Every structure is written in C-alpha cells, then in structure tokens.
Amino acid sequence: MDIEFLARFQFGMTTVFHFFFVPMSIGMAFAVAVMETMYVVKKEQIYKDMAKFWGNIFLIGFAVGVVTGLIQEFQFGMNWSEYSRFMGDIFGAPLAVEALLAFFMESTFIGLWMFGWDKFNEKLHLLFIWLVSIGTALSALWILAANSFMQNPVAYSINEATNRAELTSFVGLLKNHQLWVEYPHVLFGAIVTGGFVIAGSSAWKMLKNKDMEFFKKSMKIGLIIGLVGSILTIVAGHQQMIAVANDQPMKFAAMEGIYEDTSSPAPWNIIASIDTKDKETKWEISVPYLLTILGGEDKYIGMDQANKELHDEYDAKFGSEMDYYLPVKTLFWGFRFMAGFGSLMALMATVGLYLLRKNKIQSLKWMLWLFVAGISFPFISNTFGWLVTELGRSPWTVYGLFTIADSVSPGVSATSLLISNIVYFLLFSVLGYVMFIFCKRAVKKGPYYVNPSEAKKDGIDPFAKGVL
C-alpha cells in the first residue's frame, strides 16, 4: 500500500478523533463556568448542583482529550519527520507556549476547582473554573497559530543551507490574518458543542421524566449557549470564507464546485453534480447573486483558472507534474454539511427555547429525541469543517512552501504504518466506548445520586424514594 496514503490516513484518523474532545472540553468548561457564575450571583443551589454535575462530564472529556492528544503527537513524530525538520522552528514555538502556559494553567486550576468546593470561598472557586475555561481557549489559540501558518505562511525566512523555515517574528506569527478568522470560528463552534451536549443530555433525562426542574434549567442554559454560539459561528465562518477566497482560490472554488469562472454577479450552488474525471459540473441548483452577496466579489475564478495560476507560480519550484486539483466532492459536500448542521442547530436552539418558554417541550417526545440526536450535530459539523480546512491545503503541508510528499518520514514502511493504523483504530474505539459509557453512566445517575457506601456512612437510607 502507498506510504503517503497510510500516513495521511493515520494523521486524519488521530486528528479527527482528538478533535472530538477539544471543542467539547472548551465548550463544557465555558458552560460550567456560566452555571457557577449564576450560582454566585443568584445564590440558588440548583446552579451549584448544575456546575458540579456537568463539570463531571467536562472532566471525563478533558481526560480522554489529553490521551488522544498524546497519541497524535506520537504519530506526528513517527510519520512526519521531514515536516518536523522543515517546520520545527516555527511549529515548535506556539506549541511550547501552549504546553507551558495554557495546558499547565488548565491542569492546575482544574485540580483546585475539583477538590476546592468546600475549601475556598465562592468567588475564588468561581475564578478557578473561569481560568480553566480561559486556559482551554488559549490552548486552541496556540495550536491554531501553528495551523494558520500552514494555511498562510508569514513572518519566516528559508535557511538555504538547511532548507528549513525559520521564524523571524513571533508577533508576526500572531498577526497572521488567517489566525484571526480561524480562531473565532473554532472557538464559537466549541461553545456550540458544549451547549448541545448539555441540551441533548438533558433531553434524554427529560424523556425518562427524571429531575425535571434540574434538566429543564440545564437545557435552557445549554440552548441559550448553543444559539449564541451558532450565530457567532456563522458570522465567523463567513469571514473565514472571504479569507479563503483571497488566500486559497483553488480551495474556495472546490468548496463551491466551480470549474469555470463564475458569471457576474456570482450565484451560489445549493447542490451540484460534479464530474471529477472530466473536470466539469454537470448540473447545479443555484441561488442567483447569493455568492456575490455572501463573499462581496462580483466574480470568482474557477478551478481551471486557479490550476493555471498555481502552475504559473510554482512550476519553477515544484515542477509541472504537480496536480493542484483538490478532492472536489469532499470539499463541496463537506462545506455544505458543516454549514447545514450549523444552521440546523441555530434553528433547533431557537425552537427549543420557545417550547421551553411555553412549557410544551416535555410533551413533544419527538422533539426531545431530536435534541438527543443533536448531541452528534456539532461533532459532525466540526469534523467536516476540519476536513474542508485541511484537505483544501493539498498538495502542501505548508501552503506554497512544502509538499505532503516531501513531509513523510523517509524511514517508515508501509507495514509499520498499516500495523500502527490498526492499533490506533482499536485504541480509539476502546477510548470512545469508555468515554461514552462513563458519560452515559454519569448522566443516568443524575445530579442527586448518592453512593450507597456514602449514604450508609451518613445515615441515609440508600433505598429511600428519591435517593437513587
């Protein structure tokens, strides 16, 4: 089997699985901080109970996220040593800051928050969870600073003697305009994830008619967070789309399924039949003028023109045999799945809040089941967004500077890659299953579960009505 394909598959598998837990950790930490803030402000016990209960779900996701992150780093060094050699000076700086500042900040204050409920005053304890939330957001910032360089290289020079990229300005790296369209999009998407995990889990408990007041309030908070996050994600995604059209016209054209230059003003394709063999769009259903309205440009170049411009610019360095056409169907439909699920979540949150306000949602079982299914929606949207972002950078790992083919470790074999792919897949399957079981068990117990051994010690009848 092809070594490059296996290495890319392993990178995609480990990153997608890790990225399930990154937005969840960011979003859940933020939601728990909001709940505890409400407790400190309103002095109502139910909000403290909510912070503790949903904090347990956050801790489970955070723990699994740390493990998957370690696996991702391991496969990076194993399969992509040439990329690491070329990019180490630049990639290493933000990752070092992420580990030394953001991750240690999260880890330290998570411990203080977990074990400090009865040891610190309310305001100081609240500060701990907000510092955890800020730490998770800062982790994403430093990771995306490195990723943004891969999309739009800035503040670097090439050492001709070593053929390595070297960072010339750390501040310049942080000023990369790609970072400031990527970061809000990812951050707001994470907030949506936390909101819908809480709303969907609450809906599941409401179907069982358990702790209704607790879970109705939880669902309300989750949907408010989800709605605000969805709207902000759409706005941030729009800004990122404009940046992609300017920086990576081939990616933008593939996302829109455009082989030939658009008319002026440009229509937006809702769906299309794309023939990648003959490189043409057979038919499409379009909304006239909409792409111009969304993107702000009267006309956009298609993939054929983008391919010609890329060859003109890079043939002298990379050769005329380079294929700059992208996996069009994946990017076209991936973008629509990402945007479609994002819009659906905004609609669901709006309808859900209305039904909660009218006290009708508990009687609509199908709607509650839709919210249970909706737990998966932000994960689907986040994953497709990541695929569009990363696959659209082909054939480079660093846009215009370093190719995927040149990035693979020279000493790795197809056999070792195949074996490690199988091992990682099995490991992720076990981790995913364990994560699901622990979260399900925690939600099933509910917020007022009393451990039988603790109940006996405290003189509580563990079998009394309402205890279990």
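The values are calculated or read from the model by the stated rules, or taken from the named source; none is laboratory data. Every value quoted in this text rests on a predicted model; they were computed, and no experiment measured them. Cβ placement follows ideal geometry from the backbone for every residue including glycine, while neighbour counts extend to all protein chains displayed. Ligands, DNA and RNA are stripped out before the accessible areas are found, and what is left, the full protein with its side chains, is counted by its heavy atoms. Shrake-Rupley method; radii C 1.70, N 1.55, O 1.52, S 1.80 Å.
Between residue 85 and residue 434, what FRET efficiency follows from the Cβ-Cβ distance if R0 is 51 Å, with the result rounded to 0.05? Working from the Cβ atoms, E equals 0.90. Note on the chain: dipole from Cβ charges, positive end direction compared against 281, 262, 378; the farthest Cα belongs to 378.
Can you pull out the GluC sites (Glu not before Pro) in segment 273-372 whose DSSP state is coil and whose Cβ has at most 13 other Cβ atoms within 10 Å? Those that pass, being in a loop and sparsely packed, are 321.
Using the alpha-carbon atoms, what tilt in degrees (0 to 90, nearest 10) does helix 414-445 show relative to the longest principal axis of the chain? Roughly 30 degrees between the two axes.
Estimated at 0.36 nm per residue, the fully extended path between residue 423 and residue 316 surpasses their Cα-Cα distance by 34.4 nm.
Per residue, segment 157-308 exposes 44 Å² of accessible surface when a 1.4 Å probe is rolled over the protein heavy atoms with every protein chain present.
Taken along the Cα-to-beta-carbon direction at a fixed 7 Å, the label points for residue 280 and residue 107 span 5.8 nm. Note on residue 414 and residue 273: the extension gain reaches 47.2 nm, defined as 0.36 nm multiplied by sequence separation minus the Cα-Cα distance. The alpha-carbon atoms of segment 292-383 define a convex hull whose volume equals 136 cubic angstrom per residue. Basic side chains Lys and Arg get +1 at the Cβ, acidic Asp and Glu get -1 at the Cβ, and with that the dipole of segment 102-256 about its Cα centre reaches some 620 debye. Please name whichever of 330, 28, 411 sits farthest to the positive end of the charge dipole of the chain, dipole taken about the Cα centre and charges placed at Cβ: Lys and Arg +1, Asp and Glu -1. Checking the options against the dipole of the chain, the answer is 28. When 318, 332 are compared by accessible area at a 1.4 angstrom probe, the order from most to least is 318, 332.
Cβ-Cβ distance of residue 264 and residue 95, R₀ of 45 Å, FRET efficiency by 1/(1 + (r/R0)^6): the value works out to about 0.55. Across the cross-link table entries 365/444; 205/329; 42/208; 123/175, which are compared at the Cα atoms, the separations over 27 Å belong to 205/329; 42/208; 123/175.
Considering only alpha-carbon pairs that sit under 8 angstrom and 6 or more positions apart, the relative contact order computed for segment 19-103 is 27 percent.
Students often forget the sequence filter, so: which aspartates and glutamates lie under 20 Å Cα-Cα from residue 299 once same-chain residues fewer than 8 apart are removed? The reachable aspartates and glutamates, counting only those whose Cα sits under 20 Å from residue 299, are 247, 256, 260, 261, 280, 284, 309. Relative to the current alpha-carbon distance between residue 350 and residue 78, full extension at 0.36 nm per residue lengthens the span by 93.3 nm. With all protein chains in place and a 1.4 Å probe, the accessible surface of the chain carries 65 percent carbon and sulfur. For segment 27-132, the list of chymotrypsin sites (Phe, Trp or Tyr not before Pro) that fall in a loop by DSSP and count at most 16 other C-beta atoms within 10 angstrom reads 117, 120. Distance between the pseudo-spin-label points of residue 359 and residue 441 (7 Å out from Cα toward the beta carbon): 3.8 nm. First check a/c for segment 41-146, with a ≥ b ≥ c the square roots of the eigenvalues of its C-alpha gyration tensor; if it is under 1.5, answer rounded, and if not, answer prolate when a/b is larger than b/c or oblate otherwise. Prolate, since a/c reaches 1.5 and a/b exceeds b/c. Enter the angle in degrees (range 0 to 90, nearest 10) between the Cα long axis of helix 81-97 and the first principal axis of the Cα atoms of the chain, meaning the one along which they spread out most. Rounded to the nearest ten degrees, it is 40.
The alpha-carbon of residue 358 sits under 18 angstrom from the alpha-carbons of these lysines, leaving out residues fewer than 8 places away in its chain: 216, 217, 220. Could you list the GluC sites (Glu not before Pro) in segment 23-117 that lie in coil according to DSSP, counting only those with at most 14 other Cβ atoms within 10 Å of their Cβ? Answer in residue order: 44. Amide H to amide H, with H built 1.01 Å from N, residue 397 comes under 5 Å of 402, 403, 404, counting only residues 5 or more places away or on other chains.
Taking the C-alpha atoms only, the angle from helix 122-151 to the longest principal axis of the chain is near 10 degrees.
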